[in-house]
Every structure is written in structure tokens, then in C-alpha cells.
1. Counting only other chains, and only Cβ atoms inside 10 Å, what mean value do you get across the residues of A:102-114?
2. 7 Å from Cα along Cα→Cβ at both A:Gln145 and A:Glu46: what's the point-to-point distance in nm?
3. Over all directions, the average projected area of the alpha-carbon convex hull for region A:195-351 comes to how many nm²?
4. How many percent of all Cα-Cα pairs in the protein assembly as shown sit more than 44 Å apart?
5. If I model a spin label as a point 7 Å beyond the Cα along the Cα-Cβ vector, how far apart are those points for B:Lys97 and B:Glu49 in nm?
6. Enter the mean number of other protein chain beta carbons within 10 Å of the beta carbon of each residue in A:69-75, as an integer.
7. Which residues does the label zone of A:Glu105 cover in region B:82-100, counting backbone N under 20 Å from a point 7 Å along Cα→Cβ?
8. What is chain A by shape, rounded, prolate or oblate, if you read a ≥ b ≥ c off the alpha carbon gyration tensor as root eigenvalues and call it rounded for a/c under 1.5, prolate for a/b larger than b/c, and oblate otherwise?
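A short reminder: the numbers here are calculations on the coordinates, not readings from a lab. Note that this is a predicted model, so its numbers are computed, not measured. Please note: Cβ atoms are built from the backbone with ideal geometry, for glycine as well, and neighbour counts cover all protein chains shown.
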Amino acid sequence: MEPVYISNLKPFLDAVAERMSLYVPKKTGQHYTYSKYDPDSKSPAELNNIRTCTTVKEFLFPVCELAAIFPEPAEPEEIKPFAVFGLKECDLRSIEILDKVFTEEEFEDPLYIKRRENMFIIASDCFEPGESCFCNFFNGKAFAQNGFDINVSKIRDGFIIEAGSEKGEDFIEKHSRLFNKVPDRLLGERDKNRDKTQKQLEENNAKYKLDVPIKELTESGWESDVFDVEAKNCVECQACTRICPTCHCFYLYDTKQKDYFAKMKMWDGCLRQAYAAVAGGANPRKILGDRIKHRLMHKLVYFVDRYGLDMCVGCGRCIDTCAGEIDMRSILKKLNEELKDKNRPKAKVIK
Amino acid sequence: MSKNPYQPVNGKITEIIDESPTVKSFVVVPEKKIKFETGQFVELTLPGEGEAPFTPSSSPSDSEKMEISIMKAGRMTGLLHQCKKGQKVGIRGPFGKGYPVNDFVGREVYIVGGGVGLAPIRSLFLTLVGRIKDFKSVVCRFGAKTPEDFIYKNALFGPWQKITGVNMKLTVDKANGQWKDNVGVVTTILSPQDVNIGNSAAVVCGPPIMMKFATLKLLEFGFKPVNIYLSMEKNMSCGIGKCGHCMIGKYYVCKDGPVFTYEQIKDYPDIWA
């Protein structure tokens, strides 16, 4: 299906909101967070220039949810179709990662799957990468490549709307009266915008350029003290694991209600000290540096071994949120320099 | 839609056996049959309180009920120890990969166990004994802190030792008046002459420190890491390789284990902690 054009977002968003709950980015301070779309609001949705602060995982894997009720199992909560507007390429890649984990054959998580199946994804191009954005490390792009139902690209005089799935095509066909043919000059403008953003992304990260593939580099860090050094700045607030769109550790806990018992599933984080401890008191990662190392190894080595892709999308949210100014790019760069030193031919000693 | 892996099967504790000052065995009867393989684990829920992972100590051939031996070690196990007969529980699982019993056929099985580590070993032992002719021999080397600390005393101190095809030695760290057997940690009763190392599979289960030194001893005897099977105790929670609590390096103990060969995990520094 050819892309279509619309001059104003409101009729498009209204049409989506007529069919299902729609969540849109809203500027809160310096950042964007999601809230429910209100067609009657005086300031309708704006298109976010950059990824939102909160992540798409909250729609698929809520902070806390009911996992089971007993003794009598209850009917699972009904999830109605919903749409999320303004997701960026990094958000789509994070969904791909969560899909690998939660829809894995024989190990499916039905709580995730029912939300995932009901989510309508409206992506949009990035045109103002943040200082912390480094998706280009992971072959990320400034625009959605796949994994969306509809993509929105802002151009000078309006928006180009493109379908990325049957659901998306179906939506555009059913609402064809809203859209026009894309004027030729505007498609070129979209490509130009995308190139410009991509270039800026690369410029922003030039000083972190690595010489070795990320997995190999991270693996080389087994013996490095980089993680213990970084740990000195870590206050263990765990903001990074919460804001990370791919971190998916959770914690099951039981509660007593009036006439039933419930098992709840709540976000957890591997940086927490007692996270891996067992009842006897043994704890494989007592030291903070070891926990930071484990987190990075999981993302950049173990996950790749298991699922064939990195468990980081380079969205940079962890960098923005860190109270200790820990920056994954600097960790990788330090490992890069250490490896270079190690591999540098030693000067010959002339006897 | 696939079934909900977080939903426990309802069950009831029908019998409680005092095994040692710190260990009790619970006979649990689930409302629906739970078929497990020896070495796999289940999550036992105490309604409203929480759940914890345990490897059943009974033979998988009995799918009507399972026995779970529990050492009082923390909050959940403390609460379980206070339970009375008739207590309602929930069971999720079984999860993970157990002992590859069929790979042991035609070989000697060298089992080194300590303390409450005898719980999974009992399940394996009963499985092996049930088809003892399939194995060259079953050689057991078990240890406990004191004679009182041995679990399954009635079987261990008598009937099990008399089974044809089984060779068993016991030791305690600290003896009392009646103890006439070996004194010393379990590694002191291991000898390279115990089995034909080239045709044996070793199984180790016990407290982390014991597992570490037993494994090192077996390596010293010439065991290949691929022939040493370890039952790893980690903080398994979801059981389906997602929540992350039980990770050892790239492995999820709940899904890829809890039984691993030493070969699989030897390069990770944190396995004994």
C-alpha cells in the first residue's frame, strides 16, 4: 500500500480513538509521558520529536499485575484493543525483544500475549535525537523499519501515514476519506529528514566509536575492573532497570484477599542486592560491581547467545535517568580502550 | 491461549515427617496429577504467604502424591515448618530439566550428597533402584553434620545399604556416642577406586561449599566435567526462564537446569555462591 498524506493529526487520532483506547505522548516538563487521548481537549496530542520518557513495556508488562487467583482460578482479565501513538524505532525494537522472552514457544506468558495481541502500534519518525540516544550502536535507525501497524512521519506541511501491517492497511482503507495522495516532493522531504537525523545521531556518538563488535567487547570485560569502578557512582536506586524498555525481571508474590489468594507479578531488578539470594543466605552476586556486570552481560552477551539479538536498543533512557551519571557508552568505550591496550603489540626489548 | 504458568494446582499436605532437627518431609497430594522427572523442581505455594522452589524427594513413579523435604532456612521454609497436616498448598510445575537417567544406563552412577541435598538424591536413588539392572552399580557417598542431621535415617541406615547393586558409605562431620562409621566431611570418603571413572556419571548435590569441594575432588580423580552432574540451588521463581532471579551466566537454572553438567557452568565464577 502506498503511503498517504494528512495535513492535520486530529482527524486521524480521533478515528483511532473511536475504535479503541488511544494513548498519546504528552509533554511533562522536559519529557514526554503517555496519557489517554482526549478528543475534546484544548491541546490535542502532539507528535513527540524523541522517544517518550516512560516506555512501551508498561503497556505490555505492567508494573504490577494479577498473575493468578486461587483456590478457584478466575477468568483472566479481559484486554480490549488499544493503540499507542508516537513509538519510535527503539521502542519497536524493545517490543521485538520482549516478544522473544514472553512469547517463546513452550514458555509463553499469557498475561503478556493477550496485551500484545490487542496492541495497535502507531510509530513515528525521530527528528531530534537526544544527547543520550545511541541506537546507532545497535543498527538502530531514526525511523521505524518494521514492527508497526501505522507509521507517521512529520513533514513541513503535514504528515505521511504509512501502513506496516494488515491491521494498519485495513485501518487506512476504512478511513480513506481522511487521507490524500502524498505529493511527490514530500516523500523526498521525508527521506531527507530521516538522513539528517541519522547523521546527527552518528555525530552525537562519534566520541564513543568502538573498534570491536559490542558482544565481543562486553565478553572481554569478565576480568575488567570497569564495573567495580562504575559501581562507586551507583546509588542502587534501580532507576535504570525500571526505565529500560527491555529489562523484564519480575518478582512473584502472594497476597491474602478477603475470600481468595492472589499471586502478583511485579517488576524487579537485578541490581537489587538480595535479588539472587537464596534462603540459606548464599548470594551469587553480593558485590554491586558484579551485579552491574551481570546486567550488561545479560543484555549484550547472554541474550544474544539465546535469542540472537542484543537486549539493548540504545534508547539512552538509562543514561538520562542515572543519578550517578553512569553511561553505558563510556563503559563500552573503556572496555574498548582496555582491549586495545591488551592487543597492542608489546615493544620489543633489545638485549 | 496457552495455560497460565503462574496458576498453581491446588493441593493438600497429608503427612509431615520429622527427618532431622532442621528438616521435615511433607507429603503433598495435588488435586490434579503432577507428572515429574527426577531432578525437576516444583514451586510450592503457601496461600497468601509466598512460594519457593523444591525438588521432590519421592519417586516420579508415584504421580498421585509427592514428597518434599524442606530445611528450615528462611521465611518461607520457616512458615512451612509451622504447617499442620491438612494445610492447603499450591503447586506449580514441574519445571526444568532433571537427571538424564537414560544417559546413565550401562554406567556406574556415583552419587555424592550432603545434608538436605539428599532430598533430590532420594528421588534419583529410588528411580535408579527401580531399574537397578540397567546400571553397572550405584555408588553412594553421603555426609551430614551429625548422625541426627541425616535425613531418611530409617532407609539410609538399613534397607538402602542392603540393596544389591548399591554400594553406600556414610560420614558425619561430628560423631556422637553411637556412631561407629566414618567421621569427616564427605570428600574424605571419596576415593578414585570407588568407581571406574571412565564409565561413570557422578551426581553431586548438597550445600554449595560441599558441592564445590566434591566437584574439585572428582576432577582430581579424573572425572571429565561433562560427566559431573550438579543440582544447582538458585533463587528460582517464575520457573519459565523469564523473571531472571536464578540466572547463572547465560543459563536460567529453572529452565536449562536445575541439573547441569559441570562442563556447562564451569566458566562462571559465581556458581558456588
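1. Values: counts 2, 1, 4, 1, 5, 11, 6, 7, 7, 3, 1, 2, 1.
Counting Cβ atoms of other protein chains within 10 Å of each residue's Cβ and averaging gives 4.
2. Modelled inter-label distance: 3.1 nm.
3. Taking the Cα atoms of region A:195-351, their convex hull projects to 15.4 nm² on average.
4. 32 percent
5. Rounded to a tenth, the inter-label distance reads 3.4 nm.
6. 4
7. Hits in region B:82-100 for A:Glu105 at 20 Å: B:96-97.
8. Here chain A falls in the oblate category.
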